[in-house]
1. Kindly state, to the nearest 0.05, the FRET efficiency for residue 76 paired with residue 142, given R0 = 41 Å and r defined as their beta-carbon distance.
2. Highest mean first, what order results for 22-31, 384-393 on Cβ atoms within 10 Å?
3. For region 174-241, what value does the Rg/Rh ratio take when both radii are computed over Cα atoms and Rh is the Kirkwood radius, given to two decimals?
4. Using alpha-carbon positions, what is the distance between the centroids of region 130-175 and region 389-408, in Å?
5. What list of ³J(HN,Hα) couplings, whole Hz, do you get for region 179-193 from phi and the Karplus terms 6.51, -1.76, 1.60, once you set θ to phi - 60° and write x for glycine and proline?
6. Charges at C-beta only: +1 for Lys and Arg, -1 for Asp and Glu. How large is the resulting dipole of region 145-271 about its Cα centre, in Debye rounded to 20?
7. Compactness ratio of region 294-403: Cα Rg over 2.2 N^0.38 Å, N = residue count?
8. How big is the gap, in Å, between the Cα center of region 197-228 and the Cα center of region 337-360?
Amino acid sequence: MGLSATVPAYAVTRRKPLDTLQTEVLVVGGGPAGIGAAVAAAKAGAKTLVLEDCGFFGGVAAWAVGMCMNQMRPFNEPRGFVHELLLTKLRAYGSQAVRLSSHQFYTNVEYLKAAVLDVLDEVGCNYRVHARVVDAITEGNRIRGVVIATKSGMVKVHAKVVVDCTGDADVTYFAGAPTLTETGNLSPSTLLMNIANVDSNHREQLKAAIEKGREKYPLIPERWGLKKVSNCHHFYINHAGTRDLGNYDVSDIHQLSEAECLSRKQIVQMVQTMREFGEGELKEAELVGASPRLCVRESRRIQGGYILSEEDAINGRTFDDTIAWRSGWLDIGFTRVTRMKIHHVPYRAIVPNEIDGLLAAGRCISATHEGASAGKSMGNCFATGHAAGAAAALSCEQNRMPRELNVKDIQQRLTQDGVDLTRGGEEQPRKMAN
């Protein structure tokens, strides 16, 4: 009797022509701003697709391995539909997923990643991860879509309206519209990390260890602290990152590469400092993990019809064409923190100049260096995303370019979503600090 063997089947593949996807609203970037935009557009009935180049959504809220999501519930009050929907989905996973403070969500990021998918599924939003935008598709002064790099090759994605939530204004830049960068004066970027095997902050012991360790470990920041992750038993560390290492513009490939690699060495030196020069529990500190990528506070931004400034934030300026408001403090990461008032974001600040069919949200809206630092908190990014998504859906409904919309129509839709656009000009208590 002869022997028989099962012969495995092989799929023979060859390079395919460019695939093409089609949607009404395309949101590029799946961080807080992108989530806000995608949810708002899909909820309004627009066929919506959100793209993310990581394998999960959440942006810095997820990359930062447990850092709190600031300004999600200012004054401990609901801020709008998008913010509250995420909170609902997080709470469904129990106490380890989220805890609330005066305005923050403290989340375990693995629950957060799942909760964001639950949010997108509830509103019927399409999504793709591992999809990196590498170019814009334009026709004259109008954007028609983007090109993404995927495991299947390059893919064209056509859309009626594109919302740039990349944080670095990548789509706006690729489309040839003007952008702003504060050369030589950018807020530092940080690779956050988790540590375990300690039970409290150890503030004084940390200070002493850092003073002793700086000569041996020159990349370490001048100070840092330990903060609990959600209701878990480990800590996240936020710190000055690249502040003392150089002024890095992460929209430049060479500078981004150097900043990322130096930061990998930096966090190891920080843990070694605690273990070698710390007292008590600090000597037993264990490095659990770090952000999958550098967390950026500031880079390239759009140039819109209005550029938000420090004066707007400090004075609590309001605008007739407001579509969002920003709360917290003007925080130039580990460099300067200045008290500000709640202030408006005018619609003009999320519409890029010189290109039609495009909106922006999050930390890449039209603002100066200081103006950007006044609004980078995640809750504020959700808010501008919410507005951009609502405007994008209206643009599709009315078959008009975003810059041609009647702002009152956008405001009405946001009000229906629970956003109180009458806020603005209020002083904020110290507990509202980022």
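The values are calculated or read from the model by the stated rules, or taken from the named source; none is laboratory data. Bear in mind the structure is a predicted one, so any value in this text is a computation, not a measurement. Ideal geometry is used to build each Cβ from the backbone, glycine not excepted, and the neighbour counts take in all protein chains shown. What goes into the accessible areas is simple: the full protein's heavy atoms, side chains included, and nothing from ligands, DNA or RNA. Shrake-Rupley method; radii C 1.70, N 1.55, O 1.52, S 1.80 Å.
1. Values: r = 43 Å, r/R0 = 1.05.
Step by step, r from the Cβ atoms, then E = 0.40.
2. Working: 22-31: 26.6, 384-393: 31.8.
Peptide ranking by packing, descending: 384-393, 22-31.
3. Details: Rg = 17.0 Å, Rh = 14.7 Å.
Radius of gyration over Kirkwood radius for region 174-241 works out to 1.15.
4. 20
5. Ordered by residue, 3J(HN,Hα) equals 10, 10, 9, 7, 3, x, 9, 8, 4, x, 9, 9, 9, 7, 8 Hz.
6. Values: 14 positive and 14 negative charges, 97 e Å.
Charge dipole, region 145-271, about its Cα centre: 460 debye, nearest 20.
7. 1.03
8. 38
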